[in-house]
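*Asks:* Questions regarding the structure given below will be posed in turn.
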Amino acid sequence: MNDTTVLHMLEETNAVMHGHFLLTSGLHSPTYVEKFNVLQQPRYTEALCKEIAARFVNDNVELVVGPMTGGILLAYEVAKNLGTRFFFTERVNGKMTFKRGFHIEPGTRVLIVEDIVTTGGSVREVLDVVKSEGGVPVGVGLLVDRSGGKVDFGVRTEPLLRLDVEAYKPEECPLCQKGVPLTQRGRTGK
């Protein structure tokens with residue numbers, strides 16, 4: 001599956017949106033990725049996760065881990081395709097952690113799977129949790145890398161799609177200067 005096919009799936013489901021968006025960070029952007037628009041389509045989610053799994057099929061992955069929320073769906077489906085277990089991390093008092101009795105045996109080969117990466121902060125937190133339990137990260141599989149390839153996790157990283165998305169401070173936003181209406185998205189938007 002190539003970038004064009006992935007982009008087509010995301011645009012067809014309106015997961016990649018074009019306009020004028022207020023991001024959670026407070027920045028403005030002409031592009032927004034709403035992963036749940038594609039993840040609500042099981043056939044697309046299955047196809048995308050098969051592709052992520054295929055990229056790591058020869059890495060002897062023993063466990064797939066994804067962060068809550070979107071990462072759970074993807075990690076589960078990737079683990080199913082690799083024939084292995086899956087865990088997820090969640091935040092407790094702002095800190096990424098394992099709950100629900102999840103425990104990694106030292107030396108376990110772990111693939112981290114995430115939906116959208118912009119700065120890579122959540123993936124780094126998951127990597128830290130995995131390493132703190134003695135897990136051995138073998139790679140990171142991503143649905144979309146919004147950083148344009150700028151994030152580096154210190155392990156092989158395989159995004160299905162790389163986007164170099166512009167973001168502007170409100171006072172420097174060319175869309176504001178043109179009077180394009182602003183739409184709020186993400187955790188606080190609709």
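*Asks:* Applying the selection to segment 12-39, what residues are of a type in the set (S, T, N, Q) and within 20 Å of THR119 (Cα to Cα)?
*Replies:* Selection gives THR24, SER25, SER29, THR31.
*Asks:* Filter segment 109-123 down to residues that are of a type outside the set (Lys, Arg) and more than 18 Å from ARG91 (Cα to Cα) and give me whichever is farthest from the chain's Cα centre (by Cα).
*Replies:* Ranking the qualifying residues of segment 109-123, first place goes to VAL110.
*Asks:* Based on this model, can you work out whether ALA75 counts as within 18 Å of GLY135 (Cα to Cα) and in a helix (DSSP H, G or I)?
*Replies:* Spelling it out, ALA75 is indeed within 18 Å of GLY135 (Cα to Cα) and in a helix (DSSP H, G or I).
*Asks:* For segment 72-85, how many residues are under 17 Å from ARG55 (Cα atoms), under 16 Å from the mean Cα position of the chain (by Cα) and open to solvent by 40 Å² or more (accessible area, probe 1.4 Å)?
*Replies:* Summing the residues that are under 17 Å from ARG55 (Cα atoms), under 16 Å from the mean Cα position of the chain (by Cα) and open to solvent by 40 Å² or more (accessible area, probe 1.4 Å) in segment 72-85 gives 1.
*Asks:* A further question on this structure: So, restricting to strands (runs of 3 or more DSSP E) that lie completely within segment 87-190, which ones have at least 1 residues that are modelled with pLDDT under 95 and loosely packed, with under 13 Cβ neighbours inside 10 Å? Before you say what the answer is, go through the steps one by one.
*Replies:* On the way: elements: 95-97, 109-117, 136-145, 157-162.
In segment 87-190, 95-97 are the strands (runs of 3 or more DSSP E) which contain 1 or more residues that are modelled with pLDDT under 95 and loosely packed, with under 13 Cβ neighbours inside 10 Å.
*Asks:* Within the group GLY134, GLY83, GLY107, which residue is out of contact with any strand residue (DSSP E or B) (no Cβ under 9 Å at 6 or more places or on another chain) and touching a residue at least 24 places away in the same chain (Cβ under 8 Å)?
*Replies:* Just a single option satisfies the conditions, and that option is GLY134.
*Asks:* Could you check segment 1-12 and list, in sequence order, the residues that are part of a helix (DSSP H, G or I), touching a strand residue (DSSP E or B) at 6+ places or on another chain (Cβ under 8 Å) and either within 17 Å of TYR168 (Cβ to Cβ) or not acidic (Asp, Glu) (or both)?
*Replies:* Residues satisfying the conditions are VAL6, LEU7, LEU10.
*Asks:* Pairs please, first residue from segment 29-53 and among the aromatic types (Phe, Trp, Tyr), second anywhere and part of a strand (DSSP E or B), Cβ atoms under 7 Å, 6+ apart in sequence or on different chains.
*Replies:* TYR32/MET17; TYR32/PHE21
*Asks:* Being in contact (Cβ under 8 Å) with a residue 12 or more places away in the chain and either out of contact with any Phe, Trp or Tyr (no Cβ under 7 Å at 6 or more places or on another chain) or of a type in the set (Gly, Ala, Ser) (or both) is the filter here; which residues of segment 139-151 pass it?
*Replies:* Within segment 139-151, GLY139, GLY141, LEU142, LEU143, VAL144, ASP145, ARG146, SER147, GLY148, GLY149, VAL151 qualify.
*Asks:* Right, another one. Being among the aliphatic types (A, V, I, L, M), open to solvent by 20 Å² or more (accessible area, probe 1.4 Å) and over 17 Å from GLU77 (Cα atoms) is the filter here, so list the residues in segment 24-59 that pass it.
*Replies:* LEU27
*Asks:* Could you list, in sequence order, all residues of segment 13-59 that are over 16 Å from PRO159 (Cβ atoms), assigned to a helix (DSSP H, G or I) and in contact with a strand residue (DSSP E or B) (Cβ under 6 Å, 6 or more places away or on another chain)?
*Replies:* Scanning segment 13-59 gives no hits.
The values are calculated or read from the model by the stated rules, or taken from the named source; none is laboratory data. Here the structure is a predicted model, which means the values were calculated and not measured. Neighbour counts run over all protein chains shown; Cβ positions are idealised from the backbone, glycine included. Quick note on the areas: whole protein, heavy atoms, side chains included, nothing else; ligands and nucleic acids left out. Shrake-Rupley method; radii C 1.70, N 1.55, O 1.52, S 1.80 Å.
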